[in-house]
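Q: Here you go, one structure.
Every read-out reported here was derived from the displayed coordinates using simple, explicitly stated rules and does not represent laboratory data. Worth saying up front: this structure is predicted, and the values here are computed from it rather than measured. Ideal geometry is used to build each Cβ from the backbone, glycine not excepted, and the neighbour counts take in all protein chains shown.
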């Protein structure tokens, strides 16, 4: 996982690149400037603070459910809900993520989304 000097951590999973924001300000940059409109965006539901997660989707294909689940597990792990048994995570296209003028760093609005419930899981040994 290489992230030195970037506002996000990176992880390769099943040939997909997953980006994980490092702070509220970095989440804004990742979600609103770095993510392409067709990328998948994820965050823990219910206003729980945590990292924004983006799965790159340059070919605009339907991402495997295993990739969505892994990205959701990471979103749950890099949040204040890390110690919960099951966590609801919202996901949508990055194009459906926006920010209201004057909103605090890291706070965004979703136009439409789906939800998945996962157990938080961090980076595994050997997972790059």
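Q: Determine the relative contact order of the chain: mean sequence separation of Cα pairs under 8 Å and six or more apart, normalised by residue count, in whole percent.
A: Working: 282 pairs, mean separation 34.2, N = 128.
The normalised contact order for the chain reaches 27 percent.
Q: Also: What's the center-to-center distance, using Cα atoms, between segment 10-35 and segment 59-126 in Å?
A: 11 Å
Q: Could I ask something else about it? If packing is taken as the mean number of other Cβ atoms within 10 Å per residue, what is the order of 22-32, 105-115, highest first? Spell out each step's value before the answer.
A: On the way: 22-32: 18.6, 105-115: 12.8.
Packing proxy ranking, top to bottom: 22-32, 105-115.
Q: How much length would be gained if the chain were fully extended between residue 65 and residue 88, taking 0.36 nm per residue of separation minus their Cα-Cα distance, in nm to one decimal? Each step should come with its number before you reach the end.
A: Values: separation 23, 0.36 × 23 = 8.28 nm, distance 1.55 nm.
Between residue 65 and residue 88, full extension yields 6.7 nm more.
Q: Quick one: what Rg and Dmax do you get for segment 74-116 from the alpha carbons, in Å?
A: That works out to 12.1, 35 Å for Rg and Dmax.
Q: Continuing with this model, one more query. What per residue convex hull volume, in Å³, do the alpha-carbon atoms of segment 43-109 yield? Write down the numbers at each step before the final one.
A: On the way: hull volume 6.0 nm³, N = 67.
Here the figure is 90 Å³ per residue.
Q: Using packing as a proxy for protection, rank 10-19, 79-88, 33-42 so that the peptide with the highest average count of other Cβ atoms within 10 Å comes first.
A: Values: 10-19: 16.1, 79-88: 14.5, 33-42: 18.3.
Most protected by this proxy first, the peptides run 33-42, 10-19, 79-88.
Q: Per the Debye formula with a single identical scatterer at each Cα and no solvent contribution, what log10 I(q)/I(0) holds for segment 7-61 at q = 0.21 Å⁻¹?
A: Evaluating at q = 0.21 Å⁻¹ gives log10 I(q)/I(0) of -0.73.
Q: How large are Rg and Dmax for the chain when only the alpha carbon atoms are used, in Å?
A: Gyration radius and largest Cα-Cα distance of the chain: 13.2, 41 Å.
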